[in-house]
Amino acid sequence: MAYANILVSVDLDGTAPDRIRLAAGLARRFEATLTGAAACKVPAPDYVRDIGEIDDEEPRYEETARARLEQARAVFDRAADAPLRRDWHAALASPTTDLVARARAADLLVVGRRGPDDAPPGTLGVSPGPVLMEAARPVLVVPPRTGRLRGTRIVVAWKDGPEARRAVSAALPFIREADQVFVVSTGEGARNEGAEEVAGHLARHGASVTTHLLRTAVSDGDELLRFALKQEADLIVMGAYGRTRLREWLFGGVTREMLHRSPLPCLMCH
């Protein structure tokens, strides 16, 4: 797999420039086009009020939305000012719906982390969870204030299933160039997940790779993050929502933990 088009979500959050710079660095590295995308939904008119007032306000609502999109384009142009192939898309639509639609012509999506302690996404922002569920593309979730991703030390969080298999395939451009790859399985059934087989597969792709079976003390997500930080990793690769998203939100799960609090970029696939 190769990345020919990297799609980055652009909004007016103060963390957007770092996210765009990270995506631009990846586009240069993999000789890909960087596509910025922003969308703003025009508020529906309030039909309870006088019809004349509604007619007056509708154009103003659209004008405000278009002004925000122009601001987003300016953010994109400033943050991705180095020479590289660029494209831009803006729409008067729901940001998540539009980004998912744009994903049909992208190899990798770059979005910001939206944990409970992070800044709210605003009118142009997207939440990673719905994008992961609907885009059918690998999604790179970037924590705030992260403007660069080298991918020299990669943790592959392995739990045998279609999500993790897709994530590993999607991450091959990173894995082939990494200095070290750690294939990690956690929990009581870790020995039966096939981590060593996956490590052998990645070695055939030229990766310097080791296998690690971890016991879970608090939670699988906590153990995974602890291991990644100890190994000084800068990228986590994993499947997302192996259980239903509703179950994850009700009872917790590794995907939810990573989306809420991972200090490292996470490349995920559903």
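The values are calculated or read from the model by the stated rules, or taken from the named source; none is laboratory data. Given the structure is predicted, the values throughout are model-derived calculations rather than measurements. Cβ sites come from the backbone with ideal geometry, for glycine too, and all protein chains shown count toward neighbours. We work out accessible area using only protein heavy atoms, side chains counted, and drop any ligands, DNA or RNA first. Shrake-Rupley method; radii C 1.70, N 1.55, O 1.52, S 1.80 Å.
Brief remarks on what is shown
- Treating r as the C-beta distance of His205 and Ala136 and R0 as 22 Å, the FRET efficiency rounds to 0.40.
- Fraction of beta bridges assigned by DSSP in the chain that are antiparallel (%, nearest 5): 10 percent
- Probe 1.4 Å, protein heavy atoms only - accessible area per residue of the chain in square angstrom: 48 Å²
- Nearest 10 degrees, 0 to 90: helix 220-230 Cα axis against the chain principal axis: 80 degrees
- Figure note: Tyr61, Tyr241 ranked by solvent-accessible area, largest first, 1.4 Å probe, ligands and nucleic acids not counted: Tyr61, Tyr241.
- The chain - charge dipole about Cα centre, Lys and Arg +1 at Cβ, Asp and Glu -1, debye rounded to 20: 1020 debye
- Debye-sum result for region 118-270 in log10 I(q)/I(0), which assumes one identical scatterer on each alpha carbon, at q = 0.12, 0.13, 0.18, 0.20 Å⁻¹: -0.46, -0.54, -1.08, -1.36
- Per principal axis, descending, Cα span of region 152-234 in whole Å: 33, 26, 18
- Inter-probe distance in nm under a simple model that places probes 7 Å from Cα toward Cβ, at Gln180 and Glu31: 3.0 nm
- Look at the alpha carbon pairs under 8 Å that are at least 6 residues apart: their mean separation over the length of region 84-164 gives a relative contact order of 30 percent.
- Restricting the calculation to Cα atoms, region 95-204 shows an Rg/Rh of 1.00 when the hydrodynamic-style radius is the Kirkwood one.
- Heavy-atom accessible area for Lys41, with the other protein chains in place and a 1.4 Å probe, reaches approximately 140 Å².
- In the complete set of protein chains, residue-level accessible area for Val198 is approximately 20 Å², probe 1.4 angstrom.
- Each of Ala16, Ala170, Asn192 was placed along the dipole of the chain (beta-carbon charges, centred on the mean Cα), and the one lying farthest toward the positive end is Asn192.
- Protection proxy ranking, peptides 257-269, 203-215, average beta carbon neighbours within 10 Å, highest first: 257-269, 203-215
- Tail weight of P(r) past 30 Å, computed on alpha-carbon pairs of the chain, percent: 31 percent
- Cβ-derived FRET efficiency at R0 25 Å, Ser169 paired with Asp118, nearest 0.05: 0.30
- Taking every alpha-carbon pair under 8 Å whose residues sit at least 6 apart, the chain reaches a relative contact order of 21 percent.
- Compactness of region 59-142 as Cα Rg over 2.2 N^0.38 Å, two decimals: 1.15
- Accessible surface of the chain [probe 1.4 Å, protein heavy atoms]: carbon and sulfur percent: 47 percent
- Where labels lie 7 Å past Cα in the beta-carbon direction, separation of Thr97 and Arg226 in nm: 4.4 nm
- For peptides 110-122, 134-146, sequence by mean Cβ density within 10 Å, most packed first: 134-146, 110-122
- Top positive-direction residue, dipole computed over the chain with Cβ charges, set Tyr61, Val254, His89: Val254
- Karplus 3J(HN,Hα) series, Hz, for region 191-208 with 6.51 cos²θ - 1.76 cosθ + 1.60 (x for Gly, Pro): 5, 9, 8, x, 4, 5, 5, 5, 4, x, 4, 5, 5, 5, 7, x, 7, 8
- Using θ = phi - 60° in the Karplus curve 6.51 cos²θ - 1.76 cosθ + 1.60, the 3J(HN,Hα) couplings for region 166-183 round to 5, 5, 5, 4, 5, 8, 4, x, 6, 4, 4, 9, 6, 6, 8, 10, 10, 8 Hz; x is entered for Gly and Pro.
- Residues in region 124-136 carry Karplus couplings, in order, of 9, x, 10, 9, x, x, x, 5, 4, 5, 10, 7, 6 Hz; the curve used is 6.51 cos²θ - 1.76 cosθ + 1.60 with θ = phi - 60°, and Gly or Pro positions show x.
- Helix 51-79 vs. the chain, principal-axis angle (Cα, 0 to 90°, nearest 10): 40 degrees
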